[in-house]
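Q: Structure provided below as structure tokens; questions to follow.
The values are calculated or read from the model by the stated rules, or taken from the named source; none is laboratory data. A quick note: this is a predicted structure, and the numbers were derived from the prediction, not measured. Every residue, glycine among them, receives a Cβ derived from its backbone with ideal geometry; neighbour counts consider all protein chains shown. Side chains are part of the model used for accessible areas, which takes the heavy atoms of the whole protein and leaves out ligands, DNA and RNA. Shrake-Rupley method; radii C 1.70, N 1.55, O 1.52, S 1.80 Å.
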Amino acid sequence: MKESTNITPDLIQAYRETHYRAEGATPFTLRVGQVSEEVIKAFEECGLKSCAFVTAWNPYSIALKPEENAIRERKLNLHLNAQGLAHTPGEGVHPSNGWTGERSSLIWGVSEVSAREIATAFQQNAFIWVGEGGMPELILLR
């Protein structure tokens, strides 16, 4: 995590508490600070070492209308496809704060640098990074 940030402590806490749900044939949930056996298994099966959970919704955590978020989500998917990045649809959902879940993508095999660039391009405060050990961590961008 960055040492100084423009993101409020409450918002950082909400990001840490959020459940990052990957969909697909075998759905699973990522939680910051909790090793994901599902990700470790996927890494082993596919010869990968990393993934990142990124959304294009609600830039800088400013709520947009559903249709605006849908356009941003399509643009993210088009960007990932154009880059040849394998991705699984997902959703980030806080268990109790009432914030609408954010459609997202779990991007397989992406480097942390590339994930940072993608999240920054879509005006995000943060993203979830998972390295070889399968431990999701919150990466702050601002």
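Q: What are the pairs with Cβ atoms under 9 angstrom where one residue, in the stretch 12-25, is under 15 Å from residue 140 (Cα atoms) and the other, located anywhere, is acidic (Asp, Glu)? Sequence gap at least six, or different chains.
A: 18/102
Q: Taking the conditions exactly as written (in contact (Cβ under 8 Å) with a residue 40 or more places away in the chain, surrounded by 14 or more Cβ atoms within 10 Å (Cβ to Cβ) and touching a strand residue (DSSP E or B) at 6+ places or on another chain (Cβ under 9 Å)), does residue 29 satisfy them or not?
A: Criteria not met by residue 29.
Q: Find the residue count for the stretch 106-142, including only residues that are of a type in the set (Lys, Arg) and more than 18 Å from residue 16 (Cβ to Cβ). Break it down into steps so the answer makes sense when it comes.
A: Applying the first criterion (of a type in the set (Lys, Arg)) to the stretch 106-142 yields 116, 142.
Subset that is more than 18 Å from residue 16 (Cβ to Cβ): 116.
Looking only at that region, the number is 1.
Q: If you don't mind, there's one more thing I want to ask. State all residues of the stretch 94-110 that are open to solvent by less than 50 Å² (accessible area, probe 1.4 Å) and at negative phi; if no residue qualifies, say none.
A: Within the stretch 94-110, the subset open to solvent by less than 50 Å² (accessible area, probe 1.4 Å) is 94, 101-102, 104-110.
If the condition is that a residue be open to solvent by less than 50 Å² (accessible area, probe 1.4 Å) and at negative phi, then 94, 101, 102, 104, 105, 106, 107, 108, 110 are the ones that fit.
Here's the yes/no breakdown for (1) surrounded by fewer than 19 Cβ atoms within 10 Å (Cβ to Cβ); (2) free of Cβ contacts under 8 Å to residues at least 60 places away in the same chain:
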site	(1), (2)
65	yes, yes
92	no, no
112	yes, no
124	no, no
131	yes, no
140	yes, no
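Q: Would you please name the residue that is most open to solvent (accessible area, probe 1.4 Å), looking only at residues in the stretch 8-26 that are closer than 18 Å to residue 124 by Cα and out of contact with any strand residue (DSSP E or B) (no Cβ under 8 Å at 6 or more places or on another chain)?
A: This residue is 10.
Q: A follow-up question, please. How many residues does the stretch 94-142 contain that are part of a loop (DSSP other than H, G, I, E, B) and closer than 24 Å to residue 37 by Cα?
A: Keep residues of the stretch 94-142 that are part of a loop (DSSP other than H, G, I, E, B), which gives 94-101, 109-111, 122-125, 131-135, 141-142.
Right, trim to closer than 24 Å to residue 37 by Cα and you get 94-95, 101, 109-111, 131-135.
Selection size over the stretch 94-142: 11.
Q: Does residue 80 qualify as being in contact with a helix residue (DSSP H, G or I) (Cβ under 8 Å, 6 or more places away or on another chain), farther than 14 Å from residue 137 by Cα and not in a loop (DSSP other than H, G, I, E, B)? Steps first, please.
A: Numbers: in contact with a helix residue (DSSP H, G or I) (Cβ under 8 Å, 6 or more places away or on another chain): yes; farther than 14 Å from residue 137 by Cα: yes; not in a loop (DSSP other than H, G, I, E, B): yes.
Yes.
Q: Right, another one. For residue 48, which of the numbered conditions (1) exposed (fewer than 15 other Cβ atoms within 10 Å of the Cβ); (2) outside any helix (DSSP H, G or I) fails to hold?
A: (1)
Q: Regarding the stretch 55-62, can at least one residue be identified that is under 20 Å from residue 17 (Cβ atoms) and part of a strand (DSSP E or B)?
A: yes
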